[in-house]
Amino acid sequence: MLLTADIGNTSITLGLFDDAALVEDFRLASDKDLSGEEYEVLLKSLFKNYKIDGCIISSVVEELNKKFKSAVDNVLKVDSILLSAFSNTGIKIALKNKKEIGADRIANAAGAYVLYGHPVIVVDFGTATSFDIVNKDGEFVGGVIAPGVNLQLKTLNKFTSKLPRIDVAKSPTAIGANTTDAILSGVIRGCACMIDGLVEQCEKELGSKAVLVATGGYANIVADYMKRPFDFINPTLTLEGLRHLYYLNSSVPVLSA
């Protein structure tokens with residue numbers, strides 16, 4: 001079995017693959033204060049009943065890279081792969097400074113390239129709402145980064161004196177008749193309008209229409225307010241991209257697609 005780990009700013013998402021099938025997924029808090037030994041305890045608890053033969057990790061939290069990799073290697077007795085822009089990605093990274101690219105964005109781009117073709121635009125609804133774009137020539141050309149849905153809600157509450165902290169929910173009307181509905185309209189419908197507008201501009205720069213793919217927890221909520229529907233919504237795209245990249249960067253043969 002293969003373990004894929006995506007370390008984000010808010011959480012660590014773990015996916016366990018049996019060949020091509022995602023059989024289990026887990027979520028841990030991205031806690032920089034936990035020790036390596038504490039992560040080892042968590043991993044032992046989660047995977048005590050599984051025989052795992054390999055692992056690949058993407059991370060945007062540098063403080064956790066060495067700590068989490070060591071914990072995985074110690075518990076699973078493997079030499080895990082820490083993904084970077086200098087790994088074999090199967091696509092060309094057409095950017096001047098490859099070090100700027102988050103490993104999760106590489107996994108999204110590579111996964112979408114394999115699963116859906118190109119040109120492709122991946123919209124990832126995480127702590128940030130990001131676009132990862134592969135052109136018709138199979139080149140990762142960059143993307144877009146904006147504040148995520150939940151981050152916007154937290155920021156409005158933190159930096160204003162009267163706006164309440166609310167949870168992500170559907171926006172009942174564009175014109176909010178109360179504070180909660182007004183915030184939801186601005187954040188949820190505003191995110192949808194942002195995506196519609198940016199997709200149009202990105203496609204203009206690409207010179208062709210792209211496959212539009214969404215991943216992340218808020219995709220379905222925001223999609224309801226977009227003029228253009230997503231072609232695919234894949235909540236596990238990052239993990240599937242990591243699975244693909246593991247086989248590109250190891251000597252283990254791919255048993256099935």
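What the table below lists for this structure:
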{"read-out": "The listed residue being outside the structural domain of SER30 (by TED's automatic domain parsing), surrounded by fewer than 17 Cβ atoms within 10 Å (Cβ to Cβ) and of a type in the set (S, T, N, Q), out of THR155, THR129", "value": "THR155"}
{"read-out": "Residue ID - nearest to GLY216 (Cα to Cα), chosen from residues in region 102-140 that are among the acidic types (Asp, Glu) and assigned to a strand (DSSP E or B)", "value": "ASP124"}
{"read-out": "Matching residues, region 29-48, being of a type in the set (Gly, Ala, Ser) and either surrounded by 11 or more Cβ atoms within 10 Å (Cβ to Cβ) or touching a residue at least 12 places away in the same chain (Cβ under 8 Å) (or both)", "value": "ALA29, SER30, SER35, GLY36"}
{"read-out": "Failed criterion for THR236 (all others in (1) within 19 Å of the chain's Cα centre (by Cα); (2) touching a residue at least 40 places away in the same chain (Cβ under 8 Å); (3) closer than 15 Å to SER130 by Cα hold)", "value": "(3)"}
{"read-out": "Per-region count, region 44-77, residues assigned to a loop (DSSP other than H, G, I, E, B) and in contact with a Leu (Cβ under 8 Å, 6 or more places away or on another chain)", "value": "3"}
{"read-out": "Residues of region 8-23 classified as in a strand (DSSP E or B) and touching a residue at least 12 places away in the same chain (Cβ under 8 Å), total", "value": "10"}
{"read-out": "Among the candidates SER185, SER171, residue that is outside any strand (DSSP E or B), at pLDDT 95 or above, among the hydroxyl-bearing types (Ser, Thr, Tyr) and out of contact with any helix residue (DSSP H, G or I) (no Cβ under 8 Å at 6 or more places or on another chain)", "value": "SER185"}
{"read-out": "Test: ALA94 is within 29 Å of ALA219 (Cβ to Cβ) and not polar (S, T, N, Q)", "value": "yes"}
{"read-out": "Boolean, GLY90 is within 19 Å of the chain's Cα centre (by Cα), buried (at least 18 other Cβ atoms within 10 Å of the Cβ) and on the phi > 0 side of the Ramachandran plot", "value": "yes"}
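Yes/no per residue for (1) in contact with a helix residue (DSSP H, G or I) (Cβ under 9 Å, 6 or more places away or on another chain); (2) part of a loop (DSSP other than H, G, I, E, B); (3) among the basic types (Lys, Arg); (4) assigned by TED's automatic domain parsing to the domain that holds LYS136:
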{"site": "ASP181", "(1), (2), (3), (4)": "no, no, no, yes"}
{"site": "MET194", "(1), (2), (3), (4)": "no, no, no, yes"}
{"site": "GLU200", "(1), (2), (3), (4)": "no, no, no, yes"}
{"site": "LYS209", "(1), (2), (3), (4)": "yes, yes, yes, yes"}
{"site": "THR215", "(1), (2), (3), (4)": "yes, no, no, yes"}
{"site": "TYR225", "(1), (2), (3), (4)": "yes, yes, no, yes"}
{"site": "ARG243", "(1), (2), (3), (4)": "yes, no, yes, no"}
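The values are calculated or read from the model by the stated rules, or taken from the named source; none is laboratory data. Remember, predicted model here, so these are calculated numbers, not experimental data. Here Cβ is always computed from backbone atoms with ideal geometry, including for glycine, and neighbour counts include all displayed protein chains.
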